[in-house]
Amino acid sequence: GLSTQPIWRKLWDDVMKTRPPNSENVTCWRKKFLETFFANVLHGVLDVSSDWRLNHHHFSPLLHSSPHVSQLTLCNMLQGAVELTAEHNQKVLENLAGSLQILKFQHLLSSNQSIRHSLVLLLHRLIHHGSVSQVSMYSWPVPDTVLLVLILSMSAGFWRSGNALAYHSSPCSLCREEDKAQSQESAQKRAERGCCDEREWSDAENQKGSPRAPEEADVEGNGCEADAHLNSVLSGPRSPPLQNQECSEASSKVPCDHTSTEGGSSHCVSGQLSRHPVRKTRRRLKSAVGKKRRCLRRSRGPYADPEDLYDFVFTVAREDNSGFLDKQQNSATEGENAESWTSSSPGSPCAGHAGCKKRGGSAGIFSLKAAQRFRSVSTLELFSIPLTGETCRTLSNLLSSWVSLENLVLSYNGLGANIFCVLSGLRALSRHSDRHLRVVRVSDVFSHMPCVELVRCILSAFPQLHTLSVSFDLKNQLEGNRPEGNPSCSEAEIPESCLEQLEIRFPREPLHTTFLLPVLKASKSLQQLSLDSATLPHSQEFGLLLEALKECNPNLKKLSFHDVNLAEHQKEVLLLLQDPVLQEITFSFCRLFESSTTEFLSEIINTVKRNSSLKSLKLPGNRLGNHRLVALADIFSEDSSSSLSQLDVSSNCIKPDGLLEFTKKLEGHIQQRGGQIQFTHLRLFQNWLDQDAETAQEALRRLKAVCSVVNDSWDSSQAFADYISVM
């Protein structure tokens, strides 16, 4: 019954000898210590020989702490991957396969083939046969294309079936066990079914005198084996889903519930096979048998071909000017060209989009047909990693069948027109009945098109989304020059969507309600809306927006405006505050009191006092000052029916004496109400509380007896510069 938290906290000071970041948010010091200890030892930051408690021949730092590691970051030259896949760390890797949830890559550099092979082993064990559910990549200004595509493809569950995944000079034992189990299952089915029916069918065809193609005759001898392999392809857990648009027609009514992950694609493929004559089905069996025979190469040795890694990630482009790949790979197999799923092939989701057209033809595209399907992650995050057209086509192809993906974050990737390529992959994914994608976040410096237009594009491509966030810093001055062949998304029809949360950060561009209206009409389930850095083209625009929200989104619970000038929209602000459905309203840096009178503040207070549905009111950056803060305490007066529990008054030039007066007034109201008050949280970030430390401490002490107070130690000397910047 005794807590060991103080002991682990002291161990941190003794061993790490550094100040822990965000120590106030640490819930378990044991986990925090062991996870950081593992990372520091792995990356050579911590020398265990310097501590007598750790320097013992019976103690393995990595082995001891690995069961407690839930997230791991690999940096630079991937030295950690090489160390973890070494023979003496086999048990460490097994522990990580059961505990690790999040795998991060940061500041990666170009690596040689030996390091990439180590990375292959690591990803195969931690993702395909492990529990990693999230892969995140950060800050890679000049990404190694081969390495980037390798991480993406293995995160999606793809890997070349013919490639020998060696571990300690032998194929992966877990793969062998799965293959053995599948072989036994196939043999059992073959024994139950027998080959008699197949031979009777062949005899009947011969009696009819119908000629057979030579490949059918070759397949007949191995008919049972081919049928068994086809069965395993259709039902096996590692088979890539085959796309069939006829099985998954897009309808205007989109089901919003989570569907089962079992049998989604297999059912479609089975239906597709059943609609064709039997003879056409049998013609495909020879290639399936050939692929199965090629898969057996795994048992011949660790790496049958040292260039298998390159062959898997890229195939040789058919164009003459393929100098890029010639530098990257000098011995790629020409036979993969026939299997390459290029952007111009009919099966590619990128076909026909101008943003996906080949530019130069220097790099080949990842081949899904030559890959085997393993377990995949559910969250993919790419931060500050430039994505070229080739990489976007690869990502699009992976997304088209990545049914386990739930969260996709693309942040500062310089997509530009290549966003259409990503959208084509999402459109193909939306046709899978067992898709799980619910969250998409896209942010960048320059916007390739107006934000609302991009929102319409994404929703029309994947209406099953629950959360969509689009954010841009600056408006692209050349956005009027659209790539040829891309239809305008402003005309795209949006089916009824499942959207619950929408966030748009405008690059200081006008907010036109008429353009946003189709999105709102299609999003009947919308509960949260956030609009950031938008400009209002005329005085009636804000009122039109509120009318559209009231008409189209009756379930809206949270509404947020940031950096939107509402100084001249006092009437609309009051209408929002008296809305009987909204539970959380945010006016952040909206200049509410820039040109207002005292009556406006009184109207706000009285409106909030009468609203029993509003739970949270956030007013950061609106120049409240001391006198307005003190007035806000009347929201909790004895005659108030307000249910407000959270109030945010950060960045409002509040001084210690004003905070103390607010506290005293609040205490008086609580006493009048007999202690019955629902106010629980107050946020005070970036206020001028350092000007009188003693008064501030007294105010905070008395406030904390009433509610939870969140503040920081902010240098108010910067306040004047901040004030000028907002003018």
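The values are calculated or read from the model by the stated rules, or taken from the named source; none is laboratory data. Since the structure is predicted, the reported quantities are computational estimates derived from the model, not experimental observations. No Cβ is skipped: glycine too gets one built from the backbone with ideal geometry, and neighbour counts run over all protein chains shown. Surface accessibility is based on the protein's heavy atoms, side chains included, excluding ligands, DNA and RNA. Shrake-Rupley method; radii C 1.70, N 1.55, O 1.52, S 1.80 Å.
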Restricted to the stretch 156-191 and to residues being among the hydroxyl-bearing types (Ser, Thr, Tyr) and closer than 14 Å to residue 129 by Cβ, the residue modelled with the highest pLDDT is 173
Counting only strands (runs of 3 or more DSSP E) entirely within the stretch 617-727, those with at least 2 residues that are touching a residue at least 24 places away in the same chain (Cβ under 8 Å) and open to solvent by 20 Å² or more (accessible area, probe 1.4 Å) are 681-683, 708-710
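One line per residue, one yes/no per condition, for (1) touching a helix residue (DSSP H, G or I) at 6+ places or on another chain (Cβ under 8 Å); (2) of a type in the set (Gly, Ala, Ser):
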{"site": "569", "(1), (2)": "yes, no"}
{"site": "577", "(1), (2)": "yes, no"}
{"site": "581", "(1), (2)": "no, no"}
{"site": "588", "(1), (2)": "no, yes"}
{"site": "594", "(1), (2)": "no, no"}
{"site": "601", "(1), (2)": "yes, no"}
{"site": "615", "(1), (2)": "no, no"}
{"site": "618", "(1), (2)": "no, no"}
{"site": "621", "(1), (2)": "yes, yes"}
Please specify each residue of the stretch 498-515 satisfying the condition of being open to solvent by less than 10 Å² (accessible area, probe 1.4 Å) and over 19 Å from residue 450 (Cβ atoms). 498
Which of (1) among the charged types (D, E, K, R); (2) in contact (Cβ under 8 Å) with a residue 60 or more places away in the chain; (3) more than 14 Å from residue 451 (Cβ to Cβ); (4) crowded, with 17+ Cβ neighbours inside 10 Å does residue 532 not meet, given it meets every other one? (3)
Considering only residues that are outside any helix (DSSP H, G or I), buried (at least 22 other Cβ atoms within 10 Å of the Cβ) and not hydrophobic (A, V, I, L, M, F, W, C), which ones fall in the stretch 449-463? 463
Got a number for residues in the stretch 1-42 being in a helix (DSSP H, G or I), among the β-branched types (Val, Ile, Thr) and either loosely packed, with under 14 Cβ neighbours inside 10 Å or in contact with a strand residue (DSSP E or B) (Cβ under 9 Å, 6 or more places away or on another chain) (or both)? 1
Looking at the stretch 516-529 only, could you name the residues that are surrounded by fewer than 20 Cβ atoms within 10 Å (Cβ to Cβ) and out of contact with any Lys or Arg (no Cβ under 8 Å at 6 or more places or on another chain)? 517, 521, 524, 525
Filter the stretch 388-414 for residues that are in contact with a helix residue (DSSP H, G or I) (Cβ under 8 Å, 6 or more places away or on another chain), open to solvent by 10 Å² or more (accessible area, probe 1.4 Å) and either under 23 Å from residue 129 (Cβ atoms) or without any contact (Cβ under 8 Å) to a residue 40 or more places away in the chain (or both) and give the result. 389, 403
Residue among 559, 574, 582 that is part of a loop (DSSP other than H, G, I, E, B), under 21 Å from residue 609 (Cβ atoms) and open to solvent by less than 60 Å² (accessible area, probe 1.4 Å): 582
What are the residue pairs meeting all of these: first residue in the stretch 450-467, first residue of a type in the set (S, T, N, Q), second residue open to solvent by less than 10 Å² (accessible area, probe 1.4 Å), Cβ atoms under 6 Å, and 6 or more apart or on different chains? 464/498
Would you pick out the residues in the stretch 447-471 that are in contact with a Phe, Trp or Tyr (Cβ under 7 Å, 6 or more places away or on another chain) and of a type in the set (A, V, I, L, M, F, W, C)? 451, 452
